[in-house]
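Everything on this sheet refers to the single structure shown next.
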There are 2 protein chains.
Amino acid sequence: MSTDKRIEPRTLKGFRDYPPATMLPRERLMETARRVYRSYGFSPIDTPALEYLEILTGKGSDETDRQLYRFQDHGERWVALRFDLTVPLARFAAQHIAELGTPFKRYHIAPVWRGENTQRGRYREFVQCDFDTIGTRAAAADIETALVIHDLFQALGFRDFAIRVNHRQVLNGLLERIGLGEQSTNVLRALDKLRKIGPEKVAEEMIATAGATRPQAEQVLKFAAVSGTNDEVLAQLGPLVAGSQRGEEGVARLAEIIAAVRGAGVAEERLAVDVSIARGLDYYTGVVFETFLGQLPGIGSVCSGGRYDNLAGLYTSQELPGIGASLGLDRLLAAMEELGLLEKVATPAPVFIPYFAADRLVDYLRLAAALRAAGMNVEVYPEARKLGQQLKYADKRGCRVALVQGEDELAAGQCQIKDLTSGQSQSVSLGDGFAEVVAAVQRLLTIGAQT
Amino acid sequence: MSTDKRIEPRTLKGFRDYPPATMLPRERLMETARRVYRSYGFSPIDTPALEYLEILTGKGSDETDRQLYRFQDHGERWVALRFDLTVPLARFAAQHIAELGTPFKRYHIAPVWRGENTQRGRYREFVQCDFDTIGTRAAAADIETALVIHDLFQALGFRDFAIRVNHRQVLNGLLERIGLGEQSTNVLRALDKLRKIGPEKVAEEMIATAGATRPQAEQVLKFAAVSGTNDEVLAQLGPLVAGSQRGEEGVARLAEIIAAVRGAGVAEERLAVDVSIARGLDYYTGVVFETFLGQLPGIGSVCSGGRYDNLAGLYTSQELPGIGASLGLDRLLAAMEELGLLEKVATPAPVFIPYFAADRLVDYLRLAAALRAAGMNVEVYPEARKLGQQLKYADKRGCRVALVQGEDELAAGQCQIKDLTSGQSQSVSLGDGFAEVVAAVQRLLTIGAQT
């Protein structure tokens, strides 16, 4: 291949590569999400990255329409890359739900594409991790959604997080009572910015965009500021929505969710009724969730969702109510990195076997096979180089244990187990079937994992 | 949402949805591949679905160029969807290898897109599962590639498969000796079709496209027909390539691989030297692999790969030799379906809890939580409907056990464990912490998994 034809290797603007050190924690996160979703009976689905353009346009906002990667395919069909996993779910459900039956619980972990402005450090390709229960209005599905989010963050190793829950009809009930029922979309859109811009700016926006009076805006803000324990908040909400059927139903649903989640054994502080949670999307009609990390509240919600009345109305006459939520994978990874929750390794293999004695490769392969059979990931260096060079390679990647066998060790039926963190070594007999080595390495890795 | 705006829900021509029944085995396969790749220290990477067009054109064949999904993005940059994972690996390596260091072992499981003719039942989006070791020419990397393929098929549950191995230089050595050294590309391209079109047609093609004489073509075919045990084949190859340095080196490398894989404990019949394996790609320069299923040889190779001299020559002056292979996910799934190796289920949850007594949801949630804590996947039906209707739902999805608790059972502190396969029921005490139920369900699921 001649030099004059050489092409500069670069990733497309707005896109990025994931080398091992960032891909390993991403995979761990996705695996944890899959495991938790499955533990509740959510099934995986996948849909094509490309859809007919008409399936995707007009489903999100003008902004998502503008951001669509759209083009004509080989058959001159107008197509586009999906910009989320909800619109494909709606199309999928309209097409297959008769055969699949309801309730239908699915998860979908897959990349989506948006031609966004990259100046804010955003990328044009990112992975969404969604789960939804469709075809039921039951409170049990709302409750389960909260439990899934709870179990997910527990499984990810967070000990300080809170799921904040609200109900659209509680807000709507209040707005009805104070004469803002018709302006709810603009009021909620303003209210959704409360954490970001503060109460005074929210009031100004309500007056400007929703035509609220100053007293009305203040009532909304007073309402959003209701606080206390869940029972206290629910007790205060009752009178505030009294007389509005929607509001009363919303409060009753919230009370049902709180009681069941409590009954299922979840600590009280993990799920909190928060009347200020509005979520910007018009889409939601019932309960809404956001999830915040205690140590990093400023990064915003890392898992959000809610209940909707009609998922697939654009594609089918069948009404499909449902509830779902989405884990913000990239935001969560950034948070975990900031909190030091990510191991700094670039290999899935904690165990490293240097290739020391040039004609003893088979001995190294056998030892590696024994460790793999015990469930450990093991890398054997492919070339018989200087030991120091090989250990440097292992250290750079973050291996934790090296099993050194030179001619002397092999002749003596021994193996030197070197802890790459402490630098300490111990000699262990290879024995019959490597049982002693396997046990010693397992011990070392377990101790390492606990510190 | 008004009816007049309704859009027909359909997948794009050449693309398909994966509902749970097909996505579950796909995920299982991908998870197994990840687990085996990691057990050898291969690390995950990911690269963008979209690349600059110039990165992708001219890297495969005229056919892949034609099949590229290409368009201009929002910044009027010409871009295209990747058609494989090897070209992105080359670009990635050229960009990052200085920082990552060699040897570099990566796996990459991700979708690729080709605007292929769909008439042959091919799809335009499919997942590739590649693993590669780059930056080394060592025999140990060739040997490890064979071991990874072996472990992968063992882990997938195949008991009858064979990895067929050959070496490009062995073929080239022979071609040199019989005066076809300059025509090797066309000769190997013809030879690669041996299984499909038979020896006579291959001979005709060699004569037509490589300008071989009839005796030359017959010598190639005689060479490709060398058979016997690995030791017998290697013994026959020696004299046939004698005098050609490349040929001799190729035979020596094959002998080294066979000896080490045997030494590592792999059954002899799993890896067979097969001189007829040529692989169509010009790209390969050393050892080449194909993998066949004993019960379905006709479907062709389900895992193929080989050694190359220079991965990223189009993007960098650094020479990056390597070896890799790719699991044919969709072909393998089709094979597993044909062999009845796929469970017919549409849920990851074998355990089903009907929602029977309307006000006892919390009891069902607690039981489910106890089973999940023991590692089981459990679905709780979200609505208190008739038991028969709920069990029909569970049965349709392929759940195996239902835990029935009506008012009577709950009052008596009992749970009815219903085996959905046999229809048999047993009553078990709920006890303290559900230990007895958990153990009984685990027992039932283990028995089910063994039959």
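The values are calculated or read from the model by the stated rules, or taken from the named source; none is laboratory data. As the structure is a prediction and not an experimental result, all values here were calculated from the model. Cβ coordinates were reconstructed from backbone atoms using ideal geometry, including for glycine residues, and neighbour counts include every protein chain displayed.
Given the condition surrounded by fewer than 17 Cβ atoms within 10 Å (Cβ to Cβ), of a type outside the set (K, R) and closer than 15 Å to A:Q169 by Cβ, answer yes or no: does some residue in the stretch A:254-276 qualify? Within the stretch A:254-276, one or more residues are surrounded by fewer than 17 Cβ atoms within 10 Å (Cβ to Cβ), of a type outside the set (K, R) and closer than 15 Å to A:Q169 by Cβ.
Taking the criterion of being without any contact (Cβ under 8 Å) to a residue 24 or more places away in the chain, surrounded by fewer than 21 Cβ atoms within 10 Å (Cβ to Cβ), basic (K, R) and part of a loop (DSSP other than H, G, I, E, B), would at least one residue in the stretch A:137-158 satisfy it? Scanning the stretch A:137-158, I find no residue that is without any contact (Cβ under 8 Å) to a residue 24 or more places away in the chain, surrounded by fewer than 21 Cβ atoms within 10 Å (Cβ to Cβ), basic (K, R) and part of a loop (DSSP other than H, G, I, E, B), so the answer is no. The set of residues in the stretch B:365-408 that are charged (D, E, K, R), in contact with a strand residue (DSSP E or B) (Cβ under 7 Å, 6 or more places away or on another chain) and part of a helix (DSSP H, G or I) contains only B:R372. Any residue at all in the stretch A:433-450 that's at pLDDT below 95, over 41 Å from the mean Cα position of the chain (by Cα) and surrounded by 11 or more Cβ atoms within 10 Å (Cβ to Cβ)? Yes, the stretch A:433-450 has at least one match.
Reported count of residues in the stretch A:32-62, each being of a type in the set (D, E, K, R), more than 8 Å from every other protein chain (Cβ to nearest Cβ) and within 30 Å of A:A155 (Cα to Cα), is 1.
For the stretch A:317-349, filtered to residues that are over 23 Å from the mean Cα position of the chain (by Cα) and buried (at least 22 other Cβ atoms within 10 Å of the Cβ), the residue that is nearest to the other protein chains (Cβ to nearest Cβ) is A:A349.
When residues in the stretch B:419-433 are screened for being in contact with a strand residue (DSSP E or B) (Cβ under 8 Å, 6 or more places away or on another chain) and closer than 19 Å to B:A369 by Cα, 3 of them pass. Quick check on B:Y355: is it under 30 Å from B:A411 (Cα atoms), within 10 Å of another protein chain (Cβ to nearest Cβ) and touching an Asp or Glu at 6+ places or on another chain (Cβ under 7 Å)? For B:Y355, the condition - under 30 Å from B:A411 (Cα atoms), within 10 Å of another protein chain (Cβ to nearest Cβ) and touching an Asp or Glu at 6+ places or on another chain (Cβ under 7 Å) - is met. Being over 23 Å from A:L237 (Cα atoms) and more than 14 Å from chain B (Cβ to nearest Cβ) holds for only one residue in A:T136, A:T118, A:T209, and it is A:T209.
Taking the numbered list (1) closer than 16 Å to A:L171 by Cβ; (2) touching a Ser or Thr at 6+ places or on another chain (Cβ under 8 Å) in turn, A:G247 passes all entries but (2). Name, by its number, the condition in (1) closer than 21 Å to B:A49 by Cβ; (2) of a type in the set (K, R); (3) in the same structural domain as A:A155 (by TED's automatic domain parsing) that does not hold for A:R10. For A:R10, the failing item is (3).
Out of the residues in the stretch A:4-31 that are more than 23 Å from B:L81 (Cβ to Cβ), more than 7 Å from chain B (Cβ to nearest Cβ) and not basic (K, R), which is nearest to the chain's Cα centre (by Cα)? Here the residue is A:L29. The condition of being touching a Pro at 6+ places or on another chain (Cβ under 8 Å), assigned by TED's automatic domain parsing to the domain that holds A:V287 and at pLDDT 90 or above holds for only one of A:L221, A:L234, that being A:L221.
Scanning the stretch A:65-105 for residues that are more than 7 Å from every other protein chain (Cβ to nearest Cβ) and more than 25 Å from B:G115 (Cβ to Cβ) turns up A:R66, A:T86, A:L89, A:A90, A:A93, A:I97, A:A98, A:E99, A:T102, A:F104, A:K105. Here are some conditions: (1) farther than 25 Å from B:A264 by Cα; (2) outside any helix (DSSP H, G or I); (3) without any contact (Cβ under 8 Å) to a residue 12 or more places away in the chain. A:T421 meets all but one. Which one does it not meet? All conditions are met except number (3).
Among the residues of the stretch B:361-381, the ones that are free of Cβ contacts under 8 Å to residues at least 60 places away in the same chain and either within 16 Å of B:R28 (Cβ to Cβ) or more than 10 Å from chain A (Cβ to nearest Cβ) (or both) come to 1 in all. Among the residues of the stretch A:382-399, the ones that are surrounded by 22 or more Cβ atoms within 10 Å (Cβ to Cβ) and either away from chain B (no Cβ under 11 Å) or touching a helix residue (DSSP H, G or I) at 6+ places or on another chain (Cβ under 6 Å) (or both) come to 1 in all.
Kindly indicate the residue of the stretch B:400-422 that is β-branched (V, I, T) and crowded, with 16+ Cβ neighbours inside 10 Å and also nearest to B:V345 (Cα to Cα) among those meeting that condition. Within the stretch B:400-422, the match that is nearest to B:V345 (Cα to Cα) is B:V401.
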